[in-house]
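Novice: I'd like to ask you about the structure that follows.
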C-alpha cells in the first residue's frame, strides 16, 4: 500500500509517520521510485503499536527500547517482559540499586508472599505511592492490604492467563499494551464501583424503604 | 505557631505557603503584628490536603472547588462526594450531555448491573479507556470484564467501608485522597502481581522440578 493508505488505515497523520520513519520507530517501506515506497501489514501493525505506546505517554527513547525488545527478544521471556514493562510510566527520579531503599514496598510484598527485588521498577513505583498515602493521612492497613492483594492478584491471573505466548513479539505487545491501557480502565471502573456502592449505602433510609 | 513552624510541620516551602495564601487555598492566620501571623492545626491539615491534591496533579481551580465543597458541603453527601471526585484527573476534552455518547461504557455498566449516567465524569473516562483498548488490539472480553468487575467491586467495598462518615469534611477528604492516591498503588501492585504470576507460570520446567 502507499503511505496515504497507511495513514488512512492507522489514523496516524502523515507528518507523524514521516517522523517515526526518521526516528527509526517504523521500518522503511520497499522503495518503488525515488520518492515513493510500498508498505505492508507489518507497517500497519508496527504503527499501531507505536501509536498506542505514544498515547500511553511513553517518550520516543522508551518506545525505541520496547521495539528493540520486540525485534530482538534476547534472554528468557520473563526477563524480556520485565525489561519491556520497565519502560512504562510513571518514571522515578532515582533508579534503585540498594536492597533497603524501599521499606514500605518490602513490607507489603512480604505480607503478600511475593518476592522483593528493588531492581523491579514497579517496586520503586509502589514505594512512592505508599509514601503519598502516608502523607495524605490514609495509610495502608493490614485489612486493606489483604483485600487489595487478593483482588489485584485475581486481576493479574486473568491478565497472564490471556497472554499469548506463541511468539515473544505477541507476548511483549500484549504485556506492555495490556499493562498500560488497562490501568485507566481499572481506575475508572473503581470510581464507578465507588459510586454504586456509596449510593446503596448512603442513600436516604426512607428512600430505601420505598424500594 | 509561626509560619516557619507551619513550613517545618508540612514540608511545604515558604514560597508555596505564601502562594496558597494569596490564591485563597489556605485561610489567613491570626495577625499578631503588621507582618506576622499565628497558625493553628487547621492550617496544618488544610495545607496537607492541598499538598496531596497538588501532588495528584490537580490544577489550582480544581483544588479550590474541592475546598469549597469541604467548607460548604451543600446537598446530600452522595452528591457532594460525586462533585469532589469529578475534580480529579484524567480530564476529558469534552464534557458529556448526551445519554448516548458513551456506548462502550454503557455496555460495560449494563453487564455489571450498575447505573449508566453519562453525567458521571468517570463514565467518560471509562469510555476513553475502552477506546484505547480497542485501538491497542486488546479489547475487553466478557470473561475479563466479569472478573475485573468482581475484583474491582471487592476493592471498592473495602474503600467505602473504611470511609469516615461522621462529618462531610472527613468523608470528602477520604474519598478524594483515597481515590487519587490509591490508584497508583493498585497499578503498581498489579504490575508486581503480574511479575509474580508470570514467574511461576513461565519459569523453566526443569527449575520447577528442582523446587
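Novice: Is it the case that some residue within the stretch B:22-33 is free of Cβ contacts under 8 Å to residues at least 24 places away in the same chain, farther than 18 Å from residue A:137 by Cβ, out of contact with any strand residue (DSSP E or B) (no Cβ under 7 Å at 6 or more places or on another chain) and not in a loop (DSSP other than H, G, I, E, B)?
Specialist: Pass one, the stretch B:22-33, residues free of Cβ contacts under 8 Å to residues at least 24 places away in the same chain: B:22, B:27-28, B:30-33.
Remaining after also requiring farther than 18 Å from residue A:137 by Cβ: B:22, B:27-28, B:30-33.
Filter once more, keeping what is out of contact with any strand residue (DSSP E or B) (no Cβ under 7 Å at 6 or more places or on another chain): B:22, B:27, B:33.
From what is left, the residues that are not in a loop (DSSP other than H, G, I, E, B) are B:22.
For the stretch B:22-33, residues free of Cβ contacts under 8 Å to residues at least 24 places away in the same chain, farther than 18 Å from residue A:137 by Cβ, out of contact with any strand residue (DSSP E or B) (no Cβ under 7 Å at 6 or more places or on another chain) and not in a loop (DSSP other than H, G, I, E, B): present.
Novice: What's the number of the only condition in (1) modelled with pLDDT of 90 or more; (2) within 30 Å of residue B:26 (Cβ to Cβ); (3) at the interface with another protein chain (Cβ under 8 Å from one of its Cβ atoms) that residue B:165 fails to meet?
Specialist: So residue B:165 meets the others, but not (1).
Novice: Something else about it: Tell me, yes or no, whether the stretch B:137-158 has at least one residue that is farther than 26 Å from residue B:104 by Cβ and facing chain A (nearest Cβ under 7 Å). Steps first, please.
Specialist: Of the residues in the stretch B:137-158, the ones farther than 26 Å from residue B:104 by Cβ are B:158.
From what is left, the residues that are facing chain A (nearest Cβ under 7 Å) are B:158.
So far as the stretch B:137-158 goes, yes, one or more of its residues are farther than 26 Å from residue B:104 by Cβ and facing chain A (nearest Cβ under 7 Å).
Novice: Return yes or no: is residue B:198 outside any loop (DSSP other than H, G, I, E, B) and farther than 26 Å from residue B:114 by Cβ?
Specialist: Values: outside any loop (DSSP other than H, G, I, E, B): yes; farther than 26 Å from residue B:114 by Cβ: yes.
When the stated conditions are applied, residue B:198 passes them.
Novice: What number of residues within the stretch B:137-172 are part of a helix (DSSP H, G or I) and either in contact with a helix residue (DSSP H, G or I) (Cβ under 7 Å, 6 or more places away or on another chain) or within 20 Å of residue A:181 (Cβ to Cβ) (or both)? Full working, then the answer.
Specialist: So the first thing to find is which residues in the stretch B:137-172 are part of a helix (DSSP H, G or I), and the list is B:142-161, B:168-172.
Next, only the ones that are either in contact with a helix residue (DSSP H, G or I) (Cβ under 7 Å, 6 or more places away or on another chain) or within 20 Å of residue A:181 (Cβ to Cβ) (or both) stay: B:142-149, B:151-160, B:168-169, B:171-172.
Final tally of qualifying residues: 22.
Novice: State whether the residues of the stretch A:168-188 include one that is more than 15 Å from the chain's Cα centre (by Cα) and at the interface with chain B (Cβ under 8 Å from one of its Cβ atoms).
Specialist: Checked against the condition, which is being more than 15 Å from the chain's Cα centre (by Cα) and at the interface with chain B (Cβ under 8 Å from one of its Cβ atoms), the stretch A:168-188 yields at least one hit.
Novice: Then there's this: Within the stretch A:40-50, which residues are surrounded by fewer than 19 Cβ atoms within 10 Å (Cβ to Cβ) and either in a helix (DSSP H, G or I) or within 14 Å of another protein chain (Cβ to nearest Cβ) (or both)? Spell out how you get there, then give the answer.
Specialist: The initial filter retains those residues of the stretch A:40-50 that are surrounded by fewer than 19 Cβ atoms within 10 Å (Cβ to Cβ), namely A:40-42, A:44-45.
Result: A:41, A:42, A:44, A:45.
Novice: For the stretch B:58-79, how many residues are within 11 Å of chain A (Cβ to nearest Cβ) and in a loop (DSSP other than H, G, I, E, B)? Give the steps one after another, and end with the answer.
Specialist: Going through the stretch B:58-79, the residues within 11 Å of chain A (Cβ to nearest Cβ) turn out to be B:76-79.
Next, only the ones that are in a loop (DSSP other than H, G, I, E, B) stay: B:76.
Final tally of qualifying residues: 1.
The values are calculated or read from the model by the stated rules, or taken from the named source; none is laboratory data. Given the structure is predicted, the values throughout are model-derived calculations rather than measurements. Because the Cβ atoms are built from the backbone with ideal geometry, glycine has one as well, and the counts that use them run over all protein chains shown.
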